[in-house]
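*Asks:* So that we are looking at the same thing, I have put the structure below in structure tokens.
The values are calculated or read from the model by the stated rules, or taken from the named source; none is laboratory data. Since this is a predicted model, take the numbers as computed values, not measurements. All Cβ positions, even for glycine, are placed from backbone atoms using ideal geometry, and neighbour counts span all protein chains on display.
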Amino acid sequence: MMGHRGCRLAVTYPEIAKMQTAAVIRAAINVQKAHPDWKVEPEIMIPLVGDVKELKYVKKVVVETADAEIAAAGADLKYEVGTMIEIPRAALTADDIAKEAEFFCFGTNDLTQMTFGFSRDDAGKFLNAYYDAKIFENDPFAKLDQIGVGKLMEMAIKLGKATRPELHCGICGEHGGDPSSVEFCHKIGLDYVSCSPFRVPIARLAAAQAAIKEG
């Protein structure tokens with residue numbers, strides 16, 4: 001789960017980042033042509049970044065490809081390039097990451113496993129014993145650990161917005177469908193939730209309840 005994937009693939013094989021970027025931009029241009037009244041502004045997210053130099057390297061490939069596609073189509077399309085915050089080092093150095101990232105999206109599935117040092121591949125083999133022993137009250141992959149993982153998220157938002165005040169932040173992961181996790185994300189200033197389709201109604205209700213509670 002922590003191996004050769006995410007931005008590491010794009011560093012090893014930049015052609016993958018080029019292909020994916022071209023696909024996103026072409027799709028956006030086609031939709032904009034078909035629906036001139038729609039505001040189409042794609043957000044290209046670079047995953048698994050742990051060092052700003054990684055992000056800078058892959059972002060250069062993305063921007064060069066996107067700008068070439070837009071110019072070739074004679075289109076007027078705005079886009080943003082951001083990153084997933086899913087490695088603890090990215091949260092700890094979010095002020096540097098925000099120099100290159102126009103938005104953050106917390107990949108809480110991976111951020112949880114890397115913060116705890118668990119692997120989702122085999123954590124199920126021992127977590128039940130943790131519940132029985134009252135070490136954990138909940139599955140940290142289902143209900144966000146607000147004390148540890150949450151502290152990293154709060155830190156990343158604070159550091160990121162110090163560098164880029166207009167930075168918008170969201171969460172992407174199964175935690176996005178858990179009401180208490182959504183309430184916590186609202187409290188620390190996240191702008192949006194992304195989750196599995198069947199969790200969307202729960203997430204929308206939890207977000208509304210969090211906003212009402214705050215108001």
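*Asks:* Which condition does V58 not pass, out of (1) closer than 28 Å to T112 by Cα; (2) out of contact with any Pro (no Cβ under 9 Å at 6 or more places or on another chain), if it passes all the others?
*Replies:* (2)
*Asks:* Tell me yes or no: at least one residue of segment 111-124 is of a type outside the set (K, R), touching a residue at least 24 places away in the same chain (Cβ under 8 Å), in contact with a strand residue (DSSP E or B) (Cβ under 8 Å, 6 or more places away or on another chain) and surrounded by 14 or more Cβ atoms within 10 Å (Cβ to Cβ). It would help to see each step written out before you state the result.
*Replies:* Filtering segment 111-124 down to residues of a type outside the set (K, R) leaves 111-119, 121-124.
This time we only want the ones that are touching a residue at least 24 places away in the same chain (Cβ under 8 Å), so: 111-116, 119, 121.
Imposing the further condition that a residue be in contact with a strand residue (DSSP E or B) (Cβ under 8 Å, 6 or more places away or on another chain) reduces the set to 111.
Those still in the list that are surrounded by 14 or more Cβ atoms within 10 Å (Cβ to Cβ) too: 111.
Checking segment 111-124: at least one residue is of a type outside the set (K, R), touching a residue at least 24 places away in the same chain (Cβ under 8 Å), in contact with a strand residue (DSSP E or B) (Cβ under 8 Å, 6 or more places away or on another chain) and surrounded by 14 or more Cβ atoms within 10 Å (Cβ to Cβ).
*Asks:* To continue, here is another question. On the given criteria, is L205 in a helix (DSSP H, G or I), in the same structural domain as F126 (by TED's automatic domain parsing) and within 18 Å of the chain's Cα centre (by Cα)?
*Replies:* Spelling it out, it is not the case that L205 is in a helix (DSSP H, G or I), in the same structural domain as F126 (by TED's automatic domain parsing) and within 18 Å of the chain's Cα centre (by Cα).
*Asks:* Still on this structure, please answer the following. Looking at (1) of a type outside the set (S, T, Y); (2) touching a Phe, Trp or Tyr at 6+ places or on another chain (Cβ under 9 Å); (3) touching a residue at least 60 places away in the same chain (Cβ under 8 Å), can you tell me which one D139 breaks?
*Replies:* (3)
*Asks:* So which residues in segment 40-56 are in a loop (DSSP other than H, G, I, E, B) and either surrounded by 14 or more Cβ atoms within 10 Å (Cβ to Cβ) or modelled with pLDDT under 95 (or both), if there are any at all?
*Replies:* If the condition is that a residue be in a loop (DSSP other than H, G, I, E, B) and either surrounded by 14 or more Cβ atoms within 10 Å (Cβ to Cβ) or modelled with pLDDT under 95 (or both), then V40, P42, P47, L48, V49, G50, D51 are the ones that fit.
*Asks:* Considering every residue within segment 77-95, establish whether at least one is free of Cβ contacts under 8 Å to residues at least 12 places away in the same chain and surrounded by fewer than 21 Cβ atoms within 10 Å (Cβ to Cβ). Give the derivation first.
*Replies:* Taking segment 77-95 and keeping what is free of Cβ contacts under 8 Å to residues at least 12 places away in the same chain, we get none.
No, that holds for no residue.
*Asks:* Restricting to segment 125-165, count the residues that are of a type in the set (D, E), loosely packed, with under 12 Cβ neighbours inside 10 Å and under 24 Å from A203 (Cβ atoms). Let's see the steps before the verdict.
*Replies:* Just the residues of segment 125-165 that are of a type in the set (D, E), to begin with: 132, 137, 139, 145, 154.
When the remaining residues are screened for being loosely packed, with under 12 Cβ neighbours inside 10 Å, the result is 132, 137.
Right, trim to under 24 Å from A203 (Cβ atoms) and you get 137.
Qualifying residue count for the region: 1.
*Asks:* Answer with yes or no whether A17 is touching a Phe, Trp or Tyr at 6+ places or on another chain (Cβ under 9 Å) and either surrounded by 20 or more Cβ atoms within 10 Å (Cβ to Cβ) or modelled with pLDDT under 95 (or both).
*Replies:* The answer is no for A17.
*Asks:* Might you check whether a residue that is more than 20 Å from D110 (Cβ to Cβ), touching a helix residue (DSSP H, G or I) at 6+ places or on another chain (Cβ under 7 Å) and crowded, with 16+ Cβ neighbours inside 10 Å occurs anywhere in segment 188-195?
*Replies:* no
*Asks:* Also: Kindly indicate whether G107 is more than 16 Å from the chain's Cα centre (by Cα) and closer than 26 Å to S196 by Cα.
*Replies:* no
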